[in-house]
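The structure under discussion appears below in the form of structure tokens.
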Amino acid sequence: MFRMTPNIMRNLAVRKSTRRYPAEVREPFAHVRGELINDIERCIFCGTCEVKCPSQCIQVDKKACLWTYDPFACVYCGVCSDTCPAKSLYQKTQYRSPIGERLIITLQGQPRKKDKVKDPAREAGAPRDPGEEKADPGSTAPT
Ligand code: SF4
Ligand code: SF4
């Protein structure tokens, strides 16, 4: 006991090297891969994140425009945000706050508008302009 006393006194005097997390949160380092966020307005539901995720914690329903994510299965590797073609996925430098219940995040998006407005006359098979039929080398003139 007498041999330990100097150590005990020293430990009482110096600043603690641990924190009372989550009451006391450390300032994050630069480039920390923290909470994963999907800006669902930008998501194109391509499914790349689902395919690339090593822990299979993302599901993408392309038809229903649903993006589902299990943060408890996520290992925060950053592969999904690195490969997202729409740049809708990103990671904060803060970690998700601890909670006591299982959480599944489901985000509902909107179907993408078509880039080109379809021409109803073109859809019906009409030529684009009056001279188009003559310009087609594969067409044969009626006899
Ligand atoms: S990779 Fe990006 S754009 Fe594609 S489904 Fe995932 S979040 Fe959406
Ligand atoms: S950070 Fe890694 S483990 Fe988490 S969802 Fe993205 S690809 Fe999957």
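The values are calculated or read from the model by the stated rules, or taken from the named source; none is laboratory data. It should be emphasised that the depicted structure is a prediction, and the values quoted were computed from it without experimental measurement. Glycine gets a Cβ as well: all are built from the backbone with ideal geometry, and neighbour counts include every protein chain shown.
Screening residue 17 against (1) within 14 Å of ligand 2 (Cβ to nearest atom); (2) small (Gly, Ala, Ser); (3) modelled with pLDDT under 90 leaves a single unmet condition, (1).
Screening residue 45 on (1) more than 6 Å from ligand 2 (Cβ to nearest atom); (2) more than 12 Å from the chain's Cα centre (by Cα) shows it passes everything except condition (2).
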